[in-house]
Amino acid sequence: MIPSYFFAHGAPSIVLEHNGYTELMKNFAGETPKPKAIVLFSAHWEQPVQTVSTADQYSTIYDFGGFQDELYRMTYPAKGEQALSSQIQELFAEHGIESQSDNERGLDHGAWAVLKLLYPEADIPVVALSVNRHLTNAQQYEIGKALSKLREQDVLIIGSGGTVHNLRRLDWRADGVDEWAGEFDNWLQSKLEAWDTEALFNYRELAPYAAEAVPTNEHFIPLLLAMGSGDAKRQAKLVHRSYQYGNLSLSCWQFN
């Protein structure tokens with residue numbers, strides 16, 4: 001069964017950067033079996049109802065401003081997979097999860113920047129999925145769990161977001177890691193490795209500096225979605241963690 005993953009997507013410029021995290025992502029395809037398709041939840045696609053892309057061909061969305069000109073010339077011409085989109089909606093229906101389809105929206109930078117680093121050839125079908133910040137954390141987990149069957153079909157499930165993502169607290173000149181960001185991620189690591197869903201579902205009340213690390217939850221949700229898809233074995237592995245700008249976490253989690 002293919003693992004599922006959470007990838008922090010950092011700033012849009014991550015696709016141009018050269019560091020330990022981007023090297024990990026660039027080497028990912030050569031070190032893991034090639035999936036038949038990719039299902040990706042992006043923090044930057046928010047919908048009040050779980051939405052499943054049914055696009056045949058994705059456009060590239062530049063949902064950011066003020067970055068390098070090169071970014072606005074990049075494309076990621078991934079194709080969709082209608083049969084997989086239909087299967088996903090069927091799985092959601094079986095688990096009592098309301099869903100709808102969208103055949104027009106392209107891939108935002110939370111999706112294409114990650115995918116361009118992982119699979120630059122854009123030769124693997126992609127089904128993009130939305131997130132809903134108004135659901136409970138337990139409901140987020142159940143959405144991921146509903147898709148766990150796809151892993152048996154060599155479908156790679158990815159959650160793209162960020163565990164510590166507070167743009168107001170970034171220090172563009174910082175070299176080190178803010179203590180509060182490290183403490184939150186250390187707490188998170190201990191609960192993920194123990195698969196302590198009760199604590200994780202209540203992280204806002206229990207985790208140190210949760211309000212600073214997760215001022216709004218749309219970037220945290222993809223972690224719970226990816227984790228939920230690993231419910232059968234409940235094995236979490238921290239593959240990488242580093243920081244930019246004092247507290248912007250770049251982390252990769254693997255769920256077996």
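The values are calculated or read from the model by the stated rules, or taken from the named source; none is laboratory data. Just so we're clear, the structure is a prediction, and the values are computed from it rather than from any experiment. With ideal geometry, Cβ positions are generated from the backbone for all residues, glycine too; neighbour counts draw on all protein chains shown. Note: areas computed on protein heavy atoms with side chains; ligands, DNA, RNA excluded. Shrake-Rupley method; radii C 1.70, N 1.55, O 1.52, S 1.80 Å.
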Given (1) more than 25 Å from Leu135 (Cα to Cα); (2) without any contact (Cβ under 8 Å) to a residue 24 or more places away in the chain, identify the lone condition not met by Arg241. (2)
Looking at this structure, is Arg73 surrounded by 16 or more Cβ atoms within 10 Å (Cβ to Cβ) and of a type in the set (Lys, Arg)? no
Would you check which residues across region 198-216 are open to solvent by 30 Å² or more (accessible area, probe 1.4 Å) and not hydrophobic (A, V, I, L, M, F, W, C) and list them? Glu198, Asn202, Arg204, Glu205, Pro208, Tyr209, Glu212, Pro215, Thr216
How about region 36-60: which of its residues are open to solvent by less than 70 Å² (accessible area, probe 1.4 Å) and over 17 Å from the mean Cα position of the chain (by Cα)? Val49, Thr54, Ala55, Tyr58, Ser59, Thr60
Can you go through Leu147, Leu170 and tell me which one is open to solvent by less than 10 Å² (accessible area, probe 1.4 Å) and not basic (Lys, Arg)? Leu147
Segments classed as strands (runs of 3 or more DSSP E), wholly inside region 41-159, with at least 2 members that are out of contact with any His (no Cβ under 7 Å at 6 or more places or on another chain) and more than 16 Å from His9 (Cβ to Cβ): 50-53, 99-102
Which numbered condition trips up Leu238, out of (1) open to solvent by less than 50 Å² (accessible area, probe 1.4 Å); (2) over 15 Å from Ser4 (Cα atoms)? (2)
Condition check for Asn256: under 30 Å from Lys36 (Cβ atoms) and open to solvent by 20 Å² or more (accessible area, probe 1.4 Å): yes
